[in-house]
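Notes for the one structure printed next.
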Amino acid sequence: MKINTKYHGEKEIEEKEVLTFVRPIPGFPDEDKFIVLPLDEEGSFFALQSIQNEQLAFVISNPFLFFPDYDFTLENTVIDQLELASEKDVLVFTILTVQEPFEKTTANLQAPIIINQKKNLAKQVILNQTNYITKHLLFPNKKTAVKG
């Protein structure tokens with residue numbers, strides 16, 4: 001099937017690639033069907049593109065590329081909702097807030113997107129009782145040039 005996308009124009013996708021969110025992403029109650037599309041050749045950045053609304057696409061990334069010590073435990077209710085049978089079925093992404101310059105981009109580590117890649121089920125999980133916040137710098141050690 002063909003969809004229109006925010007970053008890729010018209011795109012041919014297969015139904016088996018579509019993720020179904022078991023609960024909508026907070027703030028987007030009518031959006032539950034998305035697809036993950038690459039944004040770079042290295043596989044660091046992706047678009048979580050709604051298949052219902054071409055203007056709705058979140059820039060996402062695998063948090064472990066930037067935060068190797070990132071760690072959390074999923075509650076049993078989430079495991080059940082996503083029908084997770086094995087850790088091997090799990091993909092984790094975080095939504096990025098892209099800034100200008102790009103070095104100021106942040107990742108929402110408090111609310112990762114959890115995907116059951118075998119069943120194409122997904123959910124944004126809010127992590128409680130954690131030190132993670134919604135705006136962790138992706139590049140905390142980079143010095144950005146100050147214009148003045």
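The values are calculated or read from the model by the stated rules, or taken from the named source; none is laboratory data. Because the structure is predicted, anything quoted here is derived from the model rather than measured. Backbone-built Cβ (ideal geometry, glycine too); neighbour counts: all protein chains shown.
Worth pointing out:
- Residues within the stretch 38-71 that are hydrophobic (A, V, I, L, M, F, W, C) and farther than 19 Å from Asn108 by Cα, tallied: 1
- Residue tally, condition under 22 Å from Phe21 (Cβ atoms) and touching a Leu at 6+ places or on another chain (Cβ under 7 Å), over the stretch 97-108: 1
- Check on Lys119, in contact with a helix residue (DSSP H, G or I) (Cβ under 7 Å, 6 or more places away or on another chain), outside any helix (DSSP H, G or I) and within 26 Å of Lys6 (Cα to Cα): no
- Options Glu41, Glu75, Glu83; residue that is of a type outside the set (A, V, I, L, M, F, W, C) and touching a Lys or Arg at 6+ places or on another chain (Cβ under 9 Å): Glu83
- Of all residues in the stretch 1-31, those that are more than 21 Å from Lys123 (Cβ to Cβ) and either loosely packed, with under 15 Cβ neighbours inside 10 Å or charged (D, E, K, R) (or both) total 10.
- Subset of the stretch 3-24 that is of a type in the set (Ser, Thr, Tyr) and part of a strand (DSSP E or B) - its residue that is modelled with the highest pLDDT: Thr20
- Check on Phe46, in a strand (DSSP E or B), in contact (Cβ under 8 Å) with a residue 60 or more places away in the chain, surrounded by 15 or more Cβ atoms within 10 Å (Cβ to Cβ) and in contact with a strand residue (DSSP E or B) (Cβ under 8 Å, 6 or more places away or on another chain): no
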